[in-house]
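The values are calculated or read from the model by the stated rules, or taken from the named source; none is laboratory data. Because the structure is predicted, anything quoted here is derived from the model rather than measured. Note: ideal-geometry Cβ built from the backbone for every residue, glycine included; neighbour counts use all protein chains shown. We work out accessible area using only protein heavy atoms, side chains counted, and drop any ligands, DNA or RNA first. Shrake-Rupley method; radii C 1.70, N 1.55, O 1.52, S 1.80 Å.
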Amino acid sequence: MQLLFSSLPLPPHTFLPTFTAFYGCHLPFLITPIVLFYLMVVLVVVMLLLLLSVHQWRHPKDKPLPPGSMGWPYIGETLKLYKENPNSFFANRQKRYGDIFKSHILGCPCVMISSPDAAKIVLVTKAHLFKPTYPPSKEKMIGPEAIFFHQGPYHSRLKKLVQASFLPSAIRGSVSEIEQIVLKFLPAWDNTTLNTLQEMKRYAFDVAMISAFGHKQDKEINGIKQLYQCLEKGYNSMPLDLPGTPFNKAMKARKLLNETLRRLIKERRENEKQGGGGGLLGVLLGDKNQKVDQLSDSQIADNVIGVIFAAHDTTASVLTWLLKYLHDNGNLLEAVTREQEGVRREIIEANRRLMWDDTRHMPLTTRVIQETLRTASILSFTFREAVEDVEFEGYYIPKGWKVLPLFRTIHHCADFFPKPEKFDPSRFEVPPKPNTFMPFGNGVHSCPGSELAKLEILVLLHHLTTKYRWQVVGDEDGIQYGPFPVPKKGLPVKVTPRNI
C-alpha cells in the first residue's frame, strides 16, 4: 500500500509541505538547478494527468455520463473494491444509482451494467462496439495470439476451430477417458482429509490436458504439466517482473512452456500423415483454409495455453461449490444419489461403461449444476472496452472506458430468481428468462467449452455420489477470492466410503 501511494504524483498544493516535512528543512534552502528541474518535471506530469482526466471524462452536454462516483483522484474506488466483498461493492452501487453506473477501479474509468437487456447489447447485439480486454500482464502470460484478446476475422476463424473441438459430437468419445481419470482419483480420497479446491484443480487439469492434446501421450506432456503449474502460481500475483517474484518465475516458465509447445507442434507437423494427435492441438494443426495463411506455431501455442487456463480454474471452483451445496442440503444429495444409482443399474444390466447418452439422462443432477452456476456465479463479471464513443441507454460512454456486465448481480436478482440466496435447483424446471442466466458469458465471446465442463462434472458426480460421502472439516464459513469465489480454505473435507 505504501508503494502505491508513494508512486502517485503529488498535487501542486501538497508538494511543498510534503517536501518540507520529508526532508526536515525548508525548500528555499535546497533550490538548485537540478532540484528546480525535477520540480518542473513533477508539475508538468501533474498537469498532464489532470488534463488527461478532464479529457477522459468530458462528454457532450446532451449525453450525460452514467451516475456514480469516480472516487479519489488517481486511485478511484479501487481500495473500496478490495476492502469490501466485491459482490457487495457492485450491489450497493446498483441500489444507489440504478442498473447502469460509473466508477473508477484498477486504474480505469468503468461503466457497470446489471440489467439483462443492457448486457445483451454489450455482449451480443452491439458486440462490435465493445472489445474484450484484459490486464496487460494476463495477456502477456497467456499469450497475445489467444482467442480471448481478439475480435473480427481472426477471432471468428479461431472460434470455429475451438468450437469444433468442444461440440458434443467431438467430446462424446471422451467420456471413457474422463471416467478413467475419475476412477484414478477417487480411491486416493478414501478415508482422507483433503482440500477440495486443490483436488478439483488436479482433476480439471487432467481433463483439460486431454481436451488440449488428445489421447496421444507425447513425451513432452509431463514437462508441459510442470511448467503450467509454475505459470499458474504467478498468474494472480502482482505483475512485478523482478528477480525472485512469483510473476518473474511465471514468465520464465511461460517462455519455457512456449519452447516446449513449439517442439511438440513441430513433432506433430512432421507426423501429420499419422494424424494431428487429437484434441484442440490436432484441430488447429489440421486447419487447411486455402484463403488464409496457416496458423503459426505461436498462434497455436497461445491458444492451447489459453484453453487450459479457461478449462481449469473455473471448473474446479464450480466443483468445489457443488460439494458444499450437496453437503449442506442432505435431502438433495440423497435425491441426486438415487438418480445416479438408477443410471448405474442400467449400466450394470447392459454390462457396459458409462456413456455419453447416460449423461443426457441426469435431469436432477443437471439442475443442481445449473443452480450451482447461478448461486456461486464463478464468473462474476467480464471486461469489455468501448472501441469508440458510444451512446448507451441514454448515457454517453467515452472511447476507451471499460464496460462490465455484472453476471452475479443479474443471477441474484429477485425479479428473475425469487429468493435468490436460497439454493433451489427446482427453479430450473422452467427455463430462465432470456439473458438472465449467463454462467458461460454470452455472444461471440461466450465460453466454447461449456459442454465439456458439464460433462466432466456429471462424470465425477456419478461416481462420487454413489460410492462416497464427505464431511466438511472445521466450522469456518465464508468466501475467499483467488480470483474466483470459493469456500474459505478451499473447503477441507473428510471423504469416507458410503454405507450402502
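Looking only at segment 190-208, how many residues end up being among the hydrophobic types (A, V, I, L, M, F, W, C) and out of contact with any helix residue (DSSP H, G or I) (no Cβ under 7 Å at 6 or more places or on another chain)? Residues in segment 190-208 being among the hydrophobic types (A, V, I, L, M, F, W, C) and out of contact with any helix residue (DSSP H, G or I) (no Cβ under 7 Å at 6 or more places or on another chain): 1 in total.
When you check R367 against the structure, is it at pLDDT 95 or above and open to solvent by less than 50 Å² (accessible area, probe 1.4 Å), yes or no? No, not satisfied.
If the condition is being at positive phi and at pLDDT below 85, then segment 72-106 contributes Y74, L106. Among P168, P135, which is touching a residue at least 40 places away in the same chain (Cβ under 8 Å) and under 22 Å from the mean Cα position of the chain (by Cα)? Just a single option satisfies the conditions, and that option is P135. There is no residue in segment 153-161 that is under 19 Å from L458 (Cα atoms) and not small (G, A, S).
Looking across segment 351-364, the residues that are in a loop (DSSP other than H, G, I, E, B), touching a residue at least 24 places away in the same chain (Cβ under 8 Å) and open to solvent by 10 Å² or more (accessible area, probe 1.4 Å) come down to R353, M355. Within segment 429-469, the set of residues being farther than 27 Å from E179 by Cα, of a type outside the set (V, I, T) and touching a residue at least 60 places away in the same chain (Cβ under 8 Å) comprises E429, K433, P434, N435, F437, M438, G441, N442, G443, H445.
The residues on offer are T196, T192, and the sole one that is surrounded by fewer than 17 Cβ atoms within 10 Å (Cβ to Cβ), of a type in the set (S, T, N, Q) and in contact with a strand residue (DSSP E or B) (Cβ under 8 Å, 6 or more places away or on another chain) is T192. Close Cβ contacts (under 7 Å, 6 or more residues apart or on different chains) running from residues in segment 311-333 that are closer than 16 Å to T366 by Cβ to residues that are of a type in the set (D, E) and buried (at least 24 other Cβ atoms within 10 Å of the Cβ) comprise T315/E456. Filter segment 470-498 down to residues that are free of Cβ contacts under 8 Å to residues at least 12 places away in the same chain and in a loop (DSSP other than H, G, I, E, B) and give me whichever is surrounded by the most Cβ atoms within 10 Å (Cβ to Cβ). Filtering segment 470-498 for residues that are free of Cβ contacts under 8 Å to residues at least 12 places away in the same chain and in a loop (DSSP other than H, G, I, E, B), the one surrounded by the most Cβ atoms within 10 Å (Cβ to Cβ) comes out as D477.
Counted as qualifying within segment 53-160 are the strands (runs of 3 or more DSSP E) with 1 or more residues that are open to solvent by less than 70 Å² (accessible area, probe 1.4 Å) and under 29 Å from L284 (Cα atoms), namely 130-132. Suppose the filter is surrounded by fewer than 20 Cβ atoms within 10 Å (Cβ to Cβ), out of contact with any Pro (no Cβ under 9 Å at 6 or more places or on another chain) and either assigned to a helix (DSSP H, G or I) or hydroxyl-bearing (S, T, Y) (or both); does G342 pass it? So G342 fits the description; yes.
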